[in-house]
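Structure record follows, encoded as structure tokens.
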Amino acid sequence: MRTLALAVGAALAVVALVAAHLFVGRSALAPGDVAAALLGHAREPAHEIIVLRFRLPRVLVGLAAGALLATSGVLVQAVVRNPLAEPATTGVGSGAALAVVVSLLVAPGHPYVAVAALLGALAAGGLLFVLGRRSLALTGILLGAVFGSLTSFALVLDSAPMGTVLRWLVGSLNARTTGDWDAVAPWLLTVPLAWLLASHMNAWALGETTAVGLGVRRLLTPAAILGVAVLAAAAAVTAAGAVAFVGLVAPHAARMLVGSDHRRLVPAAAVLGALLLSAADLVAFAVSLELPGARPDVAGVPVGAVTALIGAPLLVHLVRRSARPTLQERG
Amino acid sequence: MTSSLPTPLPPPSTPPSTPGAPVLAADRITVGYRDALVLEALSLAVAAGTATALVGPNGSGKSTLLAALARVLAPRSGAVRLDGTPLRDLPTRAVARRIALLPQTSTAPPGATVRELVEQGRYPQRGPWAMLRRTDDAAMERALERTGVAHLADRRLATLSGGERQRAWIAMALAQETDVLLLDEPTTYLDVRHQLDLLRLVGRLRDEGMTVVMVLHDLNQAARYADRVVALREGRIVADGAPEAVVTPALLRGVFEIDAVVVPDPVSGRPHFVER
């Protein structure tokens, strides 16, 4: 019953958020205009462009990237058995940013920034696989620090790509297009893939000794969990940049709502992550509209600047309400 | 009636007079971490349907031996065999259907309930895909009943006492419904009554044909509840046999450095040591 209530609540929240995104913007559109544009017979060509080319891709990419970040967060936390881990722990986001900077230095103004980000993210994930056998979290954090330093070095050599890179480092959903949605949509398959690993993660959560005693494959299982985590993080970073906090706070919030069983945690976190990122983006966009002279669709407030502002109070509220220990030994 | 006269240590690896063929056997295994060898060319055969206690001072290698028997640690040389087949040649989940392990320390995820923990014991039998459905089965219910935590099934582990939590972990191991059960200090965290409940449960499981190997710190409990006591010191088996043959003043002095008398326990007649 509680599950059903949560599912219905989540569905309503998604619908409300999508609706809000479709209505908020510089051009005030009547509900009938938006509906007509969505259904494919817009009363004015401009309506169709505003709703279908600008507003809808932005909210869809935001929902997808949020779900991917949260899913990646659940997986990373599961594999290192540490609730403070998050997608950034893998160094994938920093790898993407470095690749973007380097590509812009080599070929200024090229249009394949997203491709560079994806390749950088996947390369960072691959490096983590090669080097992280002994201590995954530490290796990931160190890789992230090295990529961050190299990014700074590159920007000191040539600060031209600074604006693009900053949006990438903070995370932004400004000016997303249908092409961005087409690029990120297939990666949403990593969410069901993560769910298929749920029972492995449940067993792995009991500690390596117990898990091996239960028949979990000691090398293959964590590698599979980490692999899906890296793919989801890479896709999210490519779509929205290295947005902080969603991958940390969404799994926590989900755990407080549905418990730590990954069979429920994965879908719950994915939905919460989608809601969180998209809601933060709505705030970012609304604030941008109020800024004098800004072009909110392109150079407005990046969503990454807002996620922590929304996520942190949410997490504090949930922690205070449940007052549950975050990690617990058998003794 | 006392038997405080020093008796010589029995020779190592005396085969015990136990019924049944060996179900689990370490065959000259050498086990170590990094550059330290903990066990060297150690052999131990465990007969089906018996309860064996591994005893020894801290650092004697008893937990390492248990981990090797559970294939959690792979021996550098030698092999652990299950019904004659080396464990390394068996799929790990197939081993988990035969051998359950309760490690010394484990972590539970935050917020997990007793039922969710015990359900994990069904992983080897059901497999990862079937485990994607939340279902209770008879094995889970039996395990919850036998460990006396059925009434706590929907409580979160974090809200339980240390003893209740330990019994929930034992229920998880029992839910595997294996024929071999390996317990590493299972009485830790339990109060005296629950220690005795657990050891009696071990006795009943043994009577039903289960093979139990447990690391115990309390020598008197080992003598009373095990068919066979294996004493380790510095990675070697220094005494092995029926409790009467192993729990002797000479062994207590030689292995544990305790000066003690050994008297028959007035209830069970098993040896019982009292420090001098």
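The values are calculated or read from the model by the stated rules, or taken from the named source; none is laboratory data. From a predicted model like this one, the values you see are computed outputs, not experimental measurements. Cβ atoms come from the backbone with ideal geometry, glycine included; neighbour counts cover every protein chain shown. Side chains are part of the model used for accessible areas, which takes the heavy atoms of the whole protein and leaves out ligands, DNA and RNA. Shrake-Rupley method; radii C 1.70, N 1.55, O 1.52, S 1.80 Å.
So here's what we get for this one:
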read-out: Extreme residue, nearest to the other protein chains (Cβ to nearest Cβ), among residues of segment B:150-201 that are of a type in the set (Lys, Arg) and in a helix (DSSP H, G or I); value: B:165
read-out: Only listed residue being surrounded by fewer than 24 Cβ atoms within 10 Å (Cβ to Cβ), more than 14 Å from every other protein chain (Cβ to nearest Cβ) and at pLDDT 90 or above, chosen from A:305, A:223, A:233; value: A:223
read-out: Inter-residue pairs, beta-carbon under 7 Å, first assigned by TED's automatic domain parsing to the domain that holds residue B:203 and touching a residue at least 60 places away in the same chain (Cβ under 8 Å) and in segment B:49-61, second hydroxyl-bearing (Ser, Thr, Tyr) and open to solvent by 10 Å² or more (accessible area, probe 1.4 Å), 6+ apart; value: B:50/B:18; B:51/B:225
read-out: Total residues in segment A:106-140, condition free of Cβ contacts under 8 Å to residues at least 60 places away in the same chain, under 26 Å from residue A:184 (Cβ atoms) and either open to solvent by 50 Å² or more (accessible area, probe 1.4 Å) or hydroxyl-bearing (Ser, Thr, Tyr) (or both); value: 9
read-out: Filter pass, residue A:74 being over 25 Å from residue A:116 (Cβ atoms) and within 14 Å of chain B (Cβ to nearest Cβ); value: yes
read-out: Matching option when the condition is small (Gly, Ala, Ser), touching a helix residue (DSSP H, G or I) at 6+ places or on another chain (Cβ under 9 Å) and assigned to a helix (DSSP H, G or I), among B:250, B:223, B:231, B:239; value: B:223
read-out: Those residues of segment A:185-218 which are more than 14 Å from chain B (Cβ to nearest Cβ) and in contact with a Ser or Thr (Cβ under 7 Å, 6 or more places away or on another chain), in sequence order; value: A:190, A:191
read-out: Conditions (1) touching a residue at least 60 places away in the same chain (Cβ under 8 Å); (2) farther than 11 Å from residue A:74 by Cα: number failed by residue A:265; value: (2)
read-out: Residue A:173 being among the hydrophobic types (A, V, I, L, M, F, W, C) and either over 24 Å from residue A:287 (Cα atoms) or open to solvent by 50 Å² or more (accessible area, probe 1.4 Å) (or both); value: no
read-out: In segment B:101-149, the residues that are under 16 Å from residue B:167 (Cα atoms), part of a helix (DSSP H, G or I), in contact (Cβ under 8 Å) with a residue 12 or more places away in the chain and of a type outside the set (Lys, Arg); value: B:114, B:117, B:118, B:119, B:120, B:139, B:140, B:143, B:144
read-out: Helices (runs of 4 or more DSSP H) wholly inside segment A:156-217 containing at least 1 residues that are over 20 Å from residue A:262 (Cα atoms) and touching a helix residue (DSSP H, G or I) at 6+ places or on another chain (Cβ under 7 Å); value: A:162-170, A:178-184
read-out: Condition check for residue B:235: closer than 25 Å to residue B:21 by Cβ, of a type outside the set (Val, Ile, Thr) and open to solvent by less than 10 Å² (accessible area, probe 1.4 Å); value: no
read-out: Cross-chain or 6+ apart pairs with Cβ under 8 Å, segment B:78-100 first and within 14 Å of chain A (Cβ to nearest Cβ) and within 23 Å of residue A:203 (Cα to Cα), then open to solvent by 60 Å² or more (accessible area, probe 1.4 Å) and among the hydrophobic types (A, V, I, L, M, F, W, C); value: B:88/B:74
read-out: Candidates B:231, B:245, B:226, filtered to the one that is of a type in the set (Gly, Ala, Ser) and either over 19 Å from residue B:184 (Cα atoms) or in contact with a Cys (Cβ under 6 Å, 6 or more places away or on another chain) (or both); value: B:245
read-out: Residue check, residue B:73 surrounded by 18 or more Cβ atoms within 10 Å (Cβ to Cβ) and in the same structural domain as residue B:184 (by TED's automatic domain parsing); value: yes
read-out: Odd one out for residue A:245 among (1) on the phi > 0 side of the Ramachandran plot; (2) in contact with a Lys or Arg (Cβ under 6 Å, 6 or more places away or on another chain); value: (2)
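Residue by residue, here is whether (1) among the aliphatic types (A, V, I, L, M); (2) open to solvent by 60 Å² or more (accessible area, probe 1.4 Å); (3) part of a loop (DSSP other than H, G, I, E, B) holds:
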{"site": "A:3", "(1), (2), (3)": "no, yes, no"}
{"site": "A:9", "(1), (2), (3)": "no, no, no"}
{"site": "A:20", "(1), (2), (3)": "yes, no, no"}
{"site": "A:29", "(1), (2), (3)": "yes, no, yes"}
{"site": "A:41", "(1), (2), (3)": "no, yes, yes"}
{"site": "A:50", "(1), (2), (3)": "yes, no, no"}
